[in-house]
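Below: the structure, in structure tokens.
The values are calculated or read from the model by the stated rules, or taken from the named source; none is laboratory data. Remember, predicted model here, so these are calculated numbers, not experimental data. Neighbour counts run over all protein chains shown; Cβ positions are idealised from the backbone, glycine included. Keep in mind that these areas ignore ligands, DNA and RNA; they rest on the heavy atoms of the full protein, side chains included. Shrake-Rupley method; radii C 1.70, N 1.55, O 1.52, S 1.80 Å.
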Amino acid sequence: LQLDNTVIAEPAVFDSAPTYSLHSDSLQRLAGVEMVTTRSRLAHAWAYQNFRLLFGDLPLDRPMILEHRDVRDRVRLLAPYFVQGTEVLPVVADDSLYWALELYAASDDYPRAQRFYFLGAQRGYFQHAATALLHASSGRVRLVLAATPDPVASSWAATFPNLFVRASALSPALQAALPPILDGAQAQALAFAEAGFR
């Protein structure tokens, strides 16, 4: 792909992508599973009921199977405790394409709170927790913590420190390219419309 004179590798992970695909990974950049042993090939052939994965030809130079290629599915497996935002947005920085997806700490039974119907459910608590950043060509995921994370997000970040990063750990170009927090702003607008200046 080419965007504004920047050559970007073809995305291996994208919104509504097929379940899995096979790739040659001689540079060892993909976040997938090697298909070099008979055991690995048999396990995947059995799991997907596709015995061409066992007997067929695979890509040369370190064949890899990349699973869970859909952006939302991939993030859901890593962070099922957060509610996903409405938009999967492209971000181009550092000669790479990323997918950005907002994540929220939410609850429908927070005590003594006004309920709003938001993102498919009644919410009594709704706070921006992190932004999932997926490297489109490798499938690697980082969860960028909110500037001031709530206790829920802070607890998960402490539990999985290798998954979460602060925005300051990103390159300046990637920090500048992060999209605005759209659903969070809409939630604040709903609350403000209900409560006013009280």
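Using a probe of 1.4 Å on the protein chains alone, the accessible area found for E87 is around 90 Å². Checking the a/c ratio against 1.5 first, then a/b against b/c, what shape does the Cα gyration tensor give for region 86-198? Prolate shape, in that a/c is at least 1.5 and a/b is the bigger ratio.
Here the relative contact order of the chain, from alpha carbon pairs under 8 Å that lie six or more residues apart, stands at 19 percent. Please report the net charge: other residues with Cβ closer than 13 Å to the Cβ of P180, K and R +1, D and E -1. So the environment of P180 carries a net charge of -3.
Extension gain for the segment V36 to S16, taken as residue separation times 0.36 nm less the Cα-Cα distance, is 4.4 nm to one decimal. Phi angles across region 130-136 convert, under the Karplus curve 6.51 cos²θ - 1.76 cosθ + 1.60 with θ = phi - 60°, into 3J(HN,Hα) values of 6, 10, 7, 10, 10, 6, 5 Hz, Gly and Pro given as x. In this structure the chain gives 58 Å² per residue of accessible area when probed at 1.4 Å with all protein chains present.
F55 sits among other residues whose Cβ lies under 15 Å from its own Cβ, and their net charge, with Lys and Arg +1 and Asp and Glu -1, is +2. For the peptides 69-82, 146-159, 43-56, residues were scored by their other Cβ atoms within 10 Å and the scores averaged per peptide; the highest-first order is 69-82, 146-159, 43-56. To the nearest ten degrees, helix 182-195 and the longest principal axis of the Cα atoms of the chain are 20 degrees apart.
Given in Å, the Rg to one decimal and the Dmax to the nearest whole number for the Cα atoms of the chain are 19.6, 68.
Classify region 23-109 from the C-alpha gyration tensor, please: rounded if a/c falls under 1.5, else prolate or oblate depending on whether a/b exceeds b/c. Could you put the intermediate results ahead of the total?
On the way: a/c = 3.41, a/b = 1.69, b/c = 2.02.
It comes out oblate by the Cα gyration axes.
Fully extending the segment from L78 to S168 would add 30.2 nm, taking 0.36 nm per residue of separation and subtracting the current Cα-Cα distance.
Once you order the gyration tensor axes a ≥ b ≥ c over the Cα atoms, which shape class does region 6-49 get: rounded for a/c under 1.5, otherwise prolate or oblate by comparing a/b with b/c?
Oblate is the answer for region 6-49, as a/c is 1.5 or above yet b/c matches or exceeds a/b.
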